[in-house]
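The values are calculated or read from the model by the stated rules, or taken from the named source; none is laboratory data. What you see is a predicted model; the values in this text were computed from it and never measured. Glycine also receives a Cβ, built like all others from the backbone with ideal geometry; neighbour counts cover every protein chain displayed. Just the protein is used for accessible areas: all its heavy atoms, side chains included, with ligands, DNA and RNA removed. Shrake-Rupley method; radii C 1.70, N 1.55, O 1.52, S 1.80 Å.
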Amino acid sequence: MGPRVQLPPEIQLAQRLAGNEQVTRDRAVRRLRKYIVARTQRPTGGFTHDELLKVWKGLFYCMWMQDKPLLQEELSRTISQLMHAFRSTEAQLLFLQTFWQTMNREWTGIDRLRLDKFYMLMRMVLNESLTALKTRGWEERQTEQLLELLMTEILHPDSQAPNGVKSHFIEIFLEELTKVGADQLTAEQNLRFIDPFCRIAAQTEDSLVLHNITRGIFETIVEQAPFAIEDLMKELEEEEEMEEGDEEMSGGEEQEREQAVPLKKPPKGSVRGVEPDVDEEQAEDDEDSTGPVLQFDYEAVANRLFEVASHQSTPSQNRKRLYKVIRKLQDLAEGVFPEDDVPEKAYRSLQEGRRERKAKKRLRKSRLQNKTGKGGKEDPPDLSSGSEGTRRRRPGAAADPAAPQEQPRDRGRRGARMRRRRPRVGAKVKVADGRGPETKKQRPLESRK
């Protein structure tokens, strides 16, 4: 036998990543991370396109073999974070490119029982790619490189991406962008992120892609407009509060300290349920308030859509669909919300929502203070309500003068029992054919004689 040929390290890792035992796969993932860090640190190191395709094939089947949702989520997070092991931006983009190429190649072989975990893997890889941009300060050049890569591999007409990959990518793009950069991105930067979708929507001949982009990107922006405006108003109010004098801030801190002391040591006659009520108010406010929302300049988005939709090369079907979205965005820019039924309610909720919540909190605090001042004098209303109930029930008791007066207090129980006893007595009389009552009548007669 000749000497055994040693396989390249990428193929060895791929074979171990696709192993049957979970322990073997976990060790292979850890070794892969160390191998990536060690190889990318070399000045002449790095991976080629074919080598990363082999690595991703092993990672794909590593995910394929993983069972149990929690372990699948943990593995998806570990795989997606491998991108940060690469030092240079070019290596990260190549790693990301080979991932989407692997998903496009292997997608048709995934059965419906394994779709969810690969959906989750796509979501986490997209999230980590946006997080890498965030760590670099959302640089414009790197942002354009990432968007160009995503459009080329997924939404471009020449890409080999199946419809499932395209639809899921469009669905999760704004969601993941909101999670990563809603607190930092400006309206101009957000327009840069959706600009490729504008061009694809105007040029594509695939009706499914047009529908998904219109519904998942543009109409989502329109639907989130009230929340975005509300967040903007909150930011403006916070800025106004920060611009106030130091005297007001110090006075507010003293008031908070004075209010915090009674909570720790409540005075005599106070109600101990004050803190839960305040917590319930905060919980209600948290339920009503949504998470961070991306900010957009609706007029700028409408102008950009009109620019790409008005070209002569744009199909008429795409132009009609985009013009409908443009009208909605223009209305938002003018302050008109798309809800035709309750525009006033939407406006009031945006302008006066915060004031109404503050008024409710003040009312509840005043009521709690009144209760603490009375010192538990709320029992007489309960007695009066009980006396009113007894007064309402007295006519029924007056109809039966032989019945005791305490019977109406437990009317539900005793009334049911009495109704049950009466048919039983009648049943005994019928079964005894009247013998029982006759003997009872004869005994007093004999005693009299």
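When you check residue 177 against the structure, is it touching a residue at least 60 places away in the same chain (Cβ under 8 Å), farther than 25 Å from residue 57 by Cβ and either open to solvent by less than 70 Å² (accessible area, probe 1.4 Å) or not charged (D, E, K, R) (or both), yes or no? When the stated conditions are applied, residue 177 passes them.
Taking the listed residues 48, 44, 78, the one that is at pLDDT 95 or above and not hydrophobic (A, V, I, L, M, F, W, C) is 78, with no other qualifying. Taken together, 149, 113 contain a single residue that is more than 22 Å from residue 71 (Cα to Cα) and either under 26 Å from the mean Cα position of the chain (by Cα) or assigned to a helix (DSSP H, G or I) (or both), which is 149.
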